[in-house]
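Notes to accompany the following structure.
The values are calculated or read from the model by the stated rules, or taken from the named source; none is laboratory data. For clarity, every value in this text was computed on a predicted model and none was experimentally measured. When we count neighbours, we look across all protein chains shown, and the Cβ atoms used for this are built from the backbone with ideal geometry, even at glycine. Accessible surface is based on the protein model in full, side chains and every heavy atom, while ligands, DNA and RNA are left aside. Shrake-Rupley method; radii C 1.70, N 1.55, O 1.52, S 1.80 Å.
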Amino acid sequence: MVSANGSAGRRARLVAVATTPADLSTARLQTLNDIADDLEVRADLVGDPDPRHLRRHFTGSLTYTLRTRGQGGAFEGGPAERRPRLLGAAAQYDLVDLEWPDDLQWSGDLMCHQLSAIPVPRRRISWQGTTDGGADLPGRFAAMTAEPAALYLLAPRFADPDSAAVMPLLLSGLGRRDVTAFASGPEGTWTRILAPWLGAPVAFGLAGPPGVDGMPGVEQLTADYGLPELPALRGLYGAARGAPSRSLFPRLQNAAFRELGLPALYLPFHVASLPRFLRRAAPLGERAGLPLRGLTVSAPHREDALDLADTTSPLARSSGAVNVLRLDAAHHYGDDTDSAVALRALARMGIDPAGRTAAVIGCGGAGRSIAVALHRAGAQVTLVNRDPIRGRKAAELLGLPFVPLAEFSAQGHLVLVHATPLVERVPFPVADADPDAVVLELAYRGDAPTPLMAAARARGLRTVDGLEVLLLEAQEQLRILTGRQLPVASVRKLLPSVRPLLPSTRPDPASEEAP
């Protein structure tokens with residue numbers, strides 16, 4: 001078994017995977033040279049670049065990969081094309097990826113074993129096919145390692161996203177330093193990030209931006225997860241989402257963990273069923289010493305999180321949803337931070353909801369939580385939703401009035417809360433909003449204001465954008481999950497586009513660490 005307790009000075013090798021011609025430009029190679037230890041060329045996607053060009057601008061080692069369709073790649077040629085390209089690469093690259101089992105078999109009438117022309121120190125044997133539940137993986141791995149190689153890569157795709165938890169368990173039980181094992185696809189993103197702590201010698205990241213397949217960018221591995229350094233871990237936290245997301249939450253929380261000296265890692269979990277995921281991830285605590293200690297929960301899992309909690313806050317029970325779940329050995333505690341964050345943001349702008357009108361656009365778990373909080377604070381709250389059926393159901397649950405989005409007017413509402421994930425267009429018109437209205441949005445874009453924020457600011461309205469909310473959420477959730485205060489001054493620097501909240505007209509009840 002490989003423990004994740006770590007040791008001083010231990011680090012992983014970062015491999016930048018080039019998948020587009022732009023990744024191999026002179027400027028990009030020079031940038032990668034300062035970040036990555038190794039460069040992997042996906043020849044099935046970029047062709048066969050001149051290795052001399054690569055070595056002039058990148059001083060690390062080079063890996064050649066010609067991945068086939070059957071193993072998640074784009075190469076469709078036969079052995080007559082494949083073998084010469086692999087053998088040619090063996091003379092110019094430090095490593096050549098060989099797919100198990102096809103590249104390891106006798107080659108037709110010539111009876112010439114392909115491996116004989118590729119020295120053992122230059123072989124990486126891989127398998128990236130499809131598996132059902134992972135029961136076949138130990139046998140496949142044993143067959144792979146029957147052939148000697150410098151490195152082995154086992155990165156299967158799973159039909160069931162929650163089965164991805166099999167891979168960390170397998171890797172932690174191997175006790176080897178020449179194997180990298182993780183699940184491919186969005187459901188396996190967390191397993192690929194965690195793998196180096198469980199003994200994998202390398203961490204793979206795209207040479208360019210993060211991919212739709214869940215593969216992070218190599219720069220994201222350093223910025224969000226602190227790689228290549230591997231400090232000791234004694235627990236895991238993460239975001240349980242129903243769909244892949246490029247949230248900035250891991251960056252904030254992992255930075256906080258490092259500064260506070262907490263031996264933990266915050267990971268992105270793509271979850272199909274929250275109860276099933278928790279069951280399958282639980283053995284990590286027993287076998288690898290990495291218990292799952294807490295989750296940030298997003299749609300569509302907030303109702304399941306409420307059911308899984310042994311105790312919850314009154315607001316969470318009222319809204320029927322939980323967005324933070326603390327997982328102790330014998331007790332699960334569920335809470336809602338959206339409501340507290342919304343009220344706190346308004347208070348810091350000098351807005352007391354009591355006696356004011358408010359509209360909450362979006363009737364999911366976050367929208368319901370904020371609506372309940374505003375109602376309890378004395379506001380006259382109206383729910384707004386694009387889907388009338390879901391909106392009326394939420395209104396019935398909370399005992400609040402409802403207006404379909406198609407019939408909604410912002411006029412007459414002092415507080416306008418946008419609680420849907422829509423970030424590419426204005427979710428409701430602000431042209432008729434009252435001049436003294438405030439627009440609070442949960443969604444955000446990391447590169448520019450959302451269309452709603454841009455429209456509200458052009459109208460001269462007061463705003464609280466999603467990045468400001470994100471920072472407040474990180475602060476509140478860290479307190480619930482760990483009992484520690486977020487080092488806001490340091491973490492704020494990771495969000496340079498956050499626009500500070502307007503000064504409050506009344507004392508802020510939060511600590512000095514508050515944003």
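A few remarks follow.
Yes/no per residue for (1) open to solvent by 30 Å² or more (accessible area, probe 1.4 Å); (2) touching a Gly at 6+ places or on another chain (Cβ under 8 Å); (3) under 19 Å from A149 (Cβ atoms); (4) at pLDDT 95 or above:
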residue: I35; (1), (2), (3), (4): yes, no, no, yes
residue: D38; (1), (2), (3), (4): no, yes, yes, yes
residue: D50; (1), (2), (3), (4): yes, no, no, yes
residue: H53; (1), (2), (3), (4): yes, no, no, yes
residue: L62; (1), (2), (3), (4): no, no, yes, yes
residue: A89; (1), (2), (3), (4): no, no, yes, yes
residue: D94; (1), (2), (3), (4): yes, no, yes, yes
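- Which listed residue, of A22, A18, A27, is open to solvent by less than 10 Å² (accessible area, probe 1.4 Å) and either modelled with pLDDT of 95 or more or touching a strand residue (DSSP E or B) at 6+ places or on another chain (Cβ under 6 Å) (or both): A18
Condition check ((1) within 28 Å of A489 (Cα to Cα); (2) touching an Asp or Glu at 6+ places or on another chain (Cβ under 6 Å)) across all residues:
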| position | (1), (2) |
| --- | --- |
| Y237 | yes, no |
| A240 | yes, no |
| P250 | yes, yes |
| Q253 | yes, no |
| R258 | yes, no |
| L267 | yes, no |
| F277 | no, yes |
| G285 | no, no |
| H301 | no, no |
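- Residues in the range 431-454 that are open to solvent by less than 30 Å² (accessible area, probe 1.4 Å) and either at pLDDT 95 or above or more than 24 Å from H375 (Cα to Cα) (or both): A433, A437, V438, V439, L440, E441, T450, L452, M453.
- Inclusion of G77 among residues that are at pLDDT below 95, open to solvent by 20 Å² or more (accessible area, probe 1.4 Å) and at negative phi is warranted.
- From the options P250, P228, residue that is within 19 Å of T191 (Cβ to Cβ) and either free of Cβ contacts under 8 Å to residues at least 60 places away in the same chain or surrounded by 20 or more Cβ atoms within 10 Å (Cβ to Cβ) (or both): P250
- Any hit, the range 125-140, residues being over 30 Å from R246 (Cβ atoms), buried (at least 22 other Cβ atoms within 10 Å of the Cβ) and in contact with an Asp or Glu (Cβ under 8 Å, 6 or more places away or on another chain): yes
- Put simply, of V417, V403 the only residue that is at pLDDT 95 or above and open to solvent by 20 Å² or more (accessible area, probe 1.4 Å) is V403.
- The range 118-142 residues that are of a type in the set (S, T, Y), paired with ones that are surrounded by fewer than 19 Cβ atoms within 10 Å (Cβ to Cβ) and not in a helix (DSSP H, G or I) (beta carbon under 8 Å, 6 or more apart): T130/R157; T130/A159; T131/R157
- Selection count, the range 364-401, where residues are free of Cβ contacts under 8 Å to residues at least 40 places away in the same chain and of a type in the set (A, V, I, L, M, F, W, C): 8
- For the range 456-476, a tally of residues being more than 29 Å from the chain's Cα centre (by Cα) and in a helix (DSSP H, G or I) returns 3.
- Selection within the range 280-303: residues that are charged (D, E, K, R) and under 20 Å from the mean Cα position of the chain (by Cα). The member of this set that is least open to solvent (accessible area, probe 1.4 Å) is R302.
- Looking at the range 1-97, the strands (runs of 3 or more DSSP E) lying wholly inside it that each contain 1 or more residues that are without any contact (Cβ under 8 Å) to a residue 60 or more places away in the chain sit at 38-42, 61-65.
- Residue within the range 330-346 that is touching a strand residue (DSSP E or B) at 6+ places or on another chain (Cβ under 8 Å), modelled with pLDDT under 95 and open to solvent by 50 Å² or more (accessible area, probe 1.4 Å) present: yes
- Matching option when the condition is among the small types (G, A, S) and closer than 30 Å to A264 by Cβ, among G199, G88, G129: G199
- Scanning the range 54-110 for residues that are within 34 Å of the chain's Cα centre (by Cα) and polar (S, T, N, Q) returns T59, S61, T63, T65, T68, Q71.
- Where helices (runs of 4 or more DSSP H) fall wholly inside the range 307-390, the ranges with 3 or more residues that are in contact with a Ser or Thr (Cβ under 8 Å, 6 or more places away or on another chain) and under 23 Å from S409 (Cβ atoms) are 365-376.
- Test: L267 is more than 10 Å from the chain's Cα centre (by Cα), open to solvent by less than 10 Å² (accessible area, probe 1.4 Å) and among the hydrophobic types (A, V, I, L, M, F, W, C): no
- Residue count for the range 460-479 satisfying the condition of being within 20 Å of Y333 (Cα to Cα), open to solvent by less than 10 Å² (accessible area, probe 1.4 Å) and out of contact with any helix residue (DSSP H, G or I) (no Cβ under 7 Å at 6 or more places or on another chain): 1.
- Top-ranked residue in the range 188-225 [being over 24 Å from G134 (Cα atoms) and assigned to a helix (DSSP H, G or I); ranked as most open to solvent (accessible area, probe 1.4 Å)]: E219
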